[in-house]
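A short write-up of the structure that comes next.
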Amino acid sequence: MAMQWLLNAIWQRDLTTSEVTISKPKRPIEPLSKTRNVPMRILVLSLCRTSEIPLGQALKTLGYKPFGMAEGMKDPAFFYGQWHKAALAKYSGVGKQWGREEFDAMLGDYDTVLSLPGCLYAKELVELYPDAKVILTTRSTQSWVRTMHVAANQMLTWRGWGIMQSWDKSFTGSLITLVQAQMRVMCNGDFSANGWAAKKYEEHNSLVRNLVPKERLLEYDPNDGWEPLCHFLEHSRPEEPFPALDADEDDEKIVRMQKVFWFIGLARSLVKMATVFVGAPLLMVYVWFRRDDIQDILGSTFSRIGSRRNLFG
């Protein structure tokens with residue numbers, strides 16, 4: 001039984017299908033209840049790995065509060081679970097598609113959307129927040145496909161994630177489930193040189209350009225620094241240098257971060273297992289030494305139940 005469970009955990013996903021399918025969550029997801037507290041001001045609708053991380057740091061320096069994947073770490077099961085629910089609705093037709101109420105509930109404390117997961121709902125966000133300015137960071141198609149191939153390789157093909165999704169559902173499981181769903185949405189998880197990635201990347205950028213009036217859109221290369229960004233947002237230029245841009249080019253860093261997430265999940269799983277394997281024997285020892293008291297309590301309880309039944313008999 002244990003071996004069968006392990007094999008099921010490892011092989012639970014079909015990674016060879018040619019259709020975009022997103023797995024349903026295995027448990028109910030907490031309903032949304034929040035509302036918008038600050039106006040939406042900026043939509044960064046670029047796909048990931050387009051220098052959105054340094055751009056997010058720059059926007060924080062200018063006083064904005066962006067929502068991206070990292071913000072979900074505050075409550076992974078809730079945030080990633082809800083965005084997975086949104087992906088199911090839009091891309092698999094399962095459940096209600098999100099409108100203003102749902103996006104406000106998830107983004108109500110933030111005035112900026114930063115790439116994933118929001119960029120996969122570009123059309124909805126542009127229509128729902130017509131006063132927000134839109135930023136599209138770009139890089140060459142070939143370099144984007146290359147870095148995404150590195151990022152996606154382990155996320156989509158390494159069987160160890162299947163184990164963690166079963167062992168540590170609230171953190172690693174919810175994160176990896178959403179990331180894998182997003183990669184399938186972007187290009188069915190095919191980031192090979194001859195795959196769909198290049199076409200889908202260019203289609204996404206064209207979609208954003210067609211959705212947004214030119215006066216609301218900044219196509220931005222973060223290598224250009226503060227000047228075009230501050231001009232577009234009508235901000236004075238900060239004295240500090242623009243955040244470093246080397247993160248998107250560091251493929252080894254991507255792999256290291258994925259390993260960190262896996263080891264976090266492993267550590268959390270080991271703690272749970274230790275709690276069971278250490279706690280259960282301790283509980284048995286406690287029950288043994290207190291067996292007389294426990295018998296008295298159980299005997300008294302069942303006697304009362306029996307007397308109540310006699311009253312109604």
Review point. Just wondering, is there one or more residues in the range 96-105 that are polar (S, T, N, Q), more than 23 Å from Phe171 (Cβ to Cβ) and either surrounded by fewer than 21 Cβ atoms within 10 Å (Cβ to Cβ) or without any contact (Cβ under 8 Å) to a residue 60 or more places away in the chain (or both)?
Key: yes
Check your understanding: Just checking, which of Lys214, Lys199, Lys259 is at pLDDT below 85, among the charged types (D, E, K, R) and surrounded by fewer than 15 Cβ atoms within 10 Å (Cβ to Cβ)?
Key -> Lys259
Practice item. For the range 86-99, state whether one or more residues are part of a helix (DSSP H, G or I) and closer than 30 Å to Gly225 by Cα. Key: no
Review point. Which of the residues belonging to the range 221-231 are closer than 21 Å to Gly118 by Cα and at pLDDT 95 or above?
Key: Leu229
Point to revise | Criterion (assigned to a helix (DSSP H, G or I) and at pLDDT 95 or above) met by exactly one of Phe103, Phe78 | key: Phe103
Check your understanding: Which of (1) farther than 28 Å from Thr138 by Cα; (2) in a helix (DSSP H, G or I) does Gln57 not meet, given it meets every other one?
Key -> (1)
Check your understanding: Do the conditions hold for Phe242, that is, is it at pLDDT below 85, buried (at least 18 other Cβ atoms within 10 Å of the Cβ) and in the same structural domain as Ile42 (by TED's automatic domain parsing)?
Key -> no
Revision key, fill the gap. Of the residues in the range 55-78 that are in contact with a strand residue (DSSP E or B) (Cβ under 9 Å, 6 or more places away or on another chain) and within 19 Å of Asp104 (Cβ to Cβ), the one that is surrounded by the fewest Cβ atoms within 10 Å (Cβ to Cβ) is Lys65
Point to revise | Residues of the range 217-229 satisfying the condition of being surrounded by 18 or more Cβ atoms within 10 Å (Cβ to Cβ) and part of a helix (DSSP H, G or I) | key: Pro222, Trp226, Leu229
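The values are calculated or read from the model by the stated rules, or taken from the named source; none is laboratory data. All of these numbers come straight from a predicted model, not from anything done at the bench. Because the Cβ atoms are built from the backbone with ideal geometry, glycine has one as well, and the counts that use them run over all protein chains shown.
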